[in-house]
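The values are calculated or read from the model by the stated rules, or taken from the named source; none is laboratory data. Source: prediction; values computed, not measured. Counting neighbours? That spans all protein chains shown, and the Cβs are built from the backbone with ideal geometry, glycine included. We work out accessible area using only protein heavy atoms, side chains counted, and drop any ligands, DNA or RNA first. Shrake-Rupley method; radii C 1.70, N 1.55, O 1.52, S 1.80 Å.
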Amino acid sequence: MDIRGELRYRSLYWYNDGLRKAKIRDLTGAENSLKKSIQFDKYNKDARNLLGLVYYGRGDVTRALVVWTVSLKLVPADNIASDYIDEFKSSRGDLEAVDQTAKKYNQCLQYCRQGGEDLAVIQLKKIVTEHPDFLKAYQLLALLYLHTEQYAKARQVLRKAQKLDTTDPITLNYIYELNRMHRKRTSGQKDVKEQQTVSYKLGNETIIQPVETKEREKGMAFTIANIVIGLVVGAAVMWFLIMPAVNESQARQMNESIVEASDQIASQESEISALEKELESYRTQSDEAQTAKETAESTKSSYESLMDIQTKYRNGSESNENLADELLAINQDSLGDLGKEQFTELTESIYPSACRRQYNRGVANSDVENYEAAIENLSKVVRMDETYDDGNAMYLLAQAYEETGDTENAKNYYQKVTEQFSGTSLAEEAQSALESLNAAGSGNTGE
Amino acid sequence: MLNFEEELKKFQPSLEVDEIEEEALSEDLTDLSDLLKDILETTR
């Protein structure tokens, strides 16, 4: 192989190496390899174009455009660099944005050099938001965070920077510095016991974390114990303080409900009582009305009968016996004074002859022991005149009852005879008969 | 401990668009073959 071939070969070798590193985002490694590649052969357009892409991948667009421009100048024909450049040229907005980003970044550098770290931080945060692949902006921001001791933010920014280029020395240096400062802070704490730590590498980053110790386990046990104690205390508070109050409240509500219900019941009972009284009064009124009605009817009937009897007596169309029966049927209480007067006149006219006929008939029936008929006759006589025949009518009636076995009525009339005709022989006989009846009654009960 | 000022010096300004052409023209395009040519010519 001649020298040209050898150089060409070595250029390709480094190009491949650069390509391999670019694929795994080792852009710093890729940049170094590709630079070597074009040092061996400046006409290796692939190496130069890839180098431009590496710069583009790190957010350094203007640098990439420079490399592509040189690539196109060296190898004008069949060069993809022209497509890259045309894409930016065709879009004026893209080129303008790239220019503004570069200007802003340069302004941030100025702020940092003039002591305006706060302004630089603000500006850089905007830059990385608008261009999240601008590596140098992340690194400068990380430096500012480290300078102002905002270590957590610095770590966050450096993580993003490392994703863009895993082997950038500035990024790795800042990460190392962060870890060193973190170790220094934690080892300086006197109350922290010496902890066992586990450190391992994850890619290009060193991870250091403490091992879980028994202290942490004890802490967990204490935590659980505290939780249990808390639950017990809470339950006790509930039982002794809150539940009685709740129960009392419920009991009070219950009592109030009961009282309310009792009041309602009492009210309803009172209402019922009032309604019952009202009903009773209505019934009374109804009874009174009925009585009044009956009385009125009776009065009307009585007067009509009286007039009828009077008419019959005057024209002699009825016998005195029949008229006497009709007079006996009249309710004297329903008659007024005039009516009673007329009634008395009629009875005085009709009763004597009627009594005579009924008494004779009654005596005759008694003699033939037809006591039922005798009772009927003599009852009428006694009703018309209790003293008829000096009480003999009543005495004979008592006897008729006695003979029929109606002891009560017999005693009743015997008693009346003794009372109304006391001192007479008739009364003595009545008394004797009464005593016999009483003795007979006692003897029966004694048996 | 990082020295802020020293670290800051490592950060170079970014190229602006109107500087691209000038930068491209000033790029050193010498590769090994050019060097060998120079060496050969020098030794003659």
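Candidates B:GLU27, B:GLU5, B:GLU19: the one that is open to solvent by 90 Å² or more (accessible area, probe 1.4 Å) and within 9 Å of chain A (Cβ to nearest Cβ) is B:GLU5.
Within region A:297-336, the set of residues being touching a residue at least 40 places away in the same chain (Cβ under 8 Å) and either not in a helix (DSSP H, G or I) or not aliphatic (A, V, I, L, M) (or both) comprises just one member, A:ASP325. Among the residues of region A:60-97, the ones that are part of a helix (DSSP H, G or I), at the interface with another protein chain (Cβ under 8 Å from one of its Cβ atoms), touching a residue at least 12 places away in the same chain (Cβ under 8 Å) and open to solvent by 20 Å² or more (accessible area, probe 1.4 Å) come to 2 in all.
For region A:98-115, a residue qualifies if it is facing chain B (nearest Cβ under 9 Å) and either among the aromatic types (Phe, Trp, Tyr) or not in a helix (DSSP H, G or I) (or both), and exactly one does: A:TYR105. If you go through region A:141-166 and keep only what is within 18 Å of A:LEU27 (Cα to Cα) and within 14 Å of another protein chain (Cβ to nearest Cβ), you end up with A:LEU158, A:ALA161.
Here A:ALA30 clears all of (1) out of contact with any Lys or Arg (no Cβ under 7 Å at 6 or more places or on another chain); (2) open to solvent by less than 20 Å² (accessible area, probe 1.4 Å); (3) over 17 Å from B:LEU29 (Cβ atoms) except the condition numbered (1). Among the residues of region A:98-116, those that are open to solvent by less than 40 Å² (accessible area, probe 1.4 Å) and under 21 Å from A:TYR56 (Cα atoms) comprise A:VAL98, A:ASP99, A:THR101, A:ALA102, A:TYR105, A:ASN106, A:CYS108, A:LEU109.
Would you mind stating whether A:LEU119 is at the interface with another protein chain (Cβ under 9 Å from one of its Cβ atoms) and assigned to a helix (DSSP H, G or I)? So A:LEU119 does not fit the description; no. The single condition among (1) under 19 Å from A:GLU386 (Cα atoms); (2) out of contact with any helix residue (DSSP H, G or I) (no Cβ under 7 Å at 6 or more places or on another chain) that A:SER349 does not meet is (2). It is to be established whether one or more residues within region B:9-28 are of a type in the set (D, E, K, R), at pLDDT 90 or above and within 30 Å of A:TYR176 (Cβ to Cβ). Yes - at least one qualifying residue is present in region B:9-28.
The residues in region A:201-234 that are of a type in the set (Ser, Thr, Tyr), at pLDDT 70 or above and either under 30 Å from A:TYR176 (Cα atoms) or open to solvent by 80 Å² or more (accessible area, probe 1.4 Å) (or both) can be counted, and the count is 1.
Restricting to region B:4-34, and then to whatever is hydrophobic (A, V, I, L, M, F, W, C) and within 22 Å of A:GLN100 (Cα to Cα), can you tell me which residue is farthest from the chain's Cα centre (by Cα)? It comes out as B:LEU8.
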